[in-house]
């Protein structure tokens, strides 16, 4: 397994060692000791989530506030997504910057999104199954977000605007500037 830190400090692309033969493949998707050594700090995941979505779905940009902030380790089980992490740590030199990484069932990449980041993804394949581990429990009262099409973030979701499918909740999220007023 290999970890590469992105331009956003603490945010890592994780690439597992995949063993293939005529029968198929095998890889270790998560090992707590290996993972903690790779990113240089202990993370204790307490909740696993999975979503199923169709092409054009954009989920995000979401995060949990305060004591319920979450770090996530995300991956695609089936299909392909463009996964996006936005640094929302006000004291960070990369505040307001984002990274976008294509995660697919073929490349088996994962993205570690630390606390202090907004997260979202767009579905690039006909269908996608998206899996993620969280280091804190979900709390409805602590959920927050930034609107996906915030002009200052200028994220290219790789989805045509007329193909984008969003929840009502995600459409009305504030901009980054409005959230941090």
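Read the figures in this text as sums done on the coordinates, not as results from a lab. The model shown is predicted, which means the values in this text are computed figures rather than measured ones. Here Cβ is always computed from backbone atoms with ideal geometry, including for glycine, and neighbour counts include all displayed protein chains.
Which order, highest average first, do 72-82, 153-163 follow once you tally other Cβ atoms within 10 Å for each residue and take the mean per peptide?
Numbers: 72-82: 21.2, 153-163: 12.8.
Most protected by this proxy first, the peptides run 72-82, 153-163.
Calculate, in nm to one decimal, what residue 90 and residue 143 gain on full extension: separation in residues at 0.36 nm each, minus their alpha carbon distance. It would help to have the intermediate numbers written out before the result.
Working: separation 53, 0.36 × 53 = 19.08 nm, distance 1.79 nm.
My answer for the length gained is 17.3 nm.
Quick one: compute the contact order of the range 2-179, relative version, from alpha carbon pairs under 8 angstrom and 6+ residues apart, as a percent. Don't skip to the answer; put the middle values down first.
Values: 390 pairs, mean separation 51.6, N = 178.
Once normalised by length, the contact order is 29 percent.
Label points 7 Å out from Cα along the Cβ direction at residue 107 and residue 52: separation in nm?
The answer from the label model is 2.6 nm.
Is the C-alpha gyration tensor of the range 30-105 telling us rounded, prolate or oblate? Criteria: a/c under 1.5 is rounded; beyond that, a/b larger than b/c is prolate, otherwise oblate.
Numbers: a/c = 1.61, a/b = 1.13, b/c = 1.42.
Taking the square roots of the gyration eigenvalues as a ≥ b ≥ c, the range 30-105 is oblate.
Please work out the FRET efficiency for the pair residue 27 and residue 158, using the Cβ-Cβ distance as r and a Förster radius of 30 Å; give the result to the nearest 0.05.
Values: r = 26 Å, r/R0 = 0.85.
It comes out at approximately 0.70.
Would you calculate, for the chain, the mean residue ellipticity at 222 nm contributed by helices, counting each DSSP H stretch of 4 or more residues as -39,500 (n - 2.57) and dividing by all residues, to the nearest 500?
Numbers: 3 runs with 16 residues, N = 181.
For the chain, the value works out to -2000 deg cm²/dmol.
Rounded, prolate or oblate for the chain? Axes are the square roots of the Cα gyration tensor eigenvalues, ordered a ≥ b ≥ c, and the cut-off for rounded is a/c under 1.5.
Numbers: a/c = 1.76, a/b = 1.25, b/c = 1.41.
The shape class here is oblate.
Mark the label point 7 Å from the Cα of residue 5 along Cα→Cβ and return the residues of the range 35-51 whose backbone N is within less than 18 Å of it.
The answer is 35-43, whose backbone nitrogens lie closer than 18 Å to the label point.
Over what distance in Å are the Cα centres of the range 8-35 and the range 81-146 separated?
One Cα centre to the other: 18 Å.
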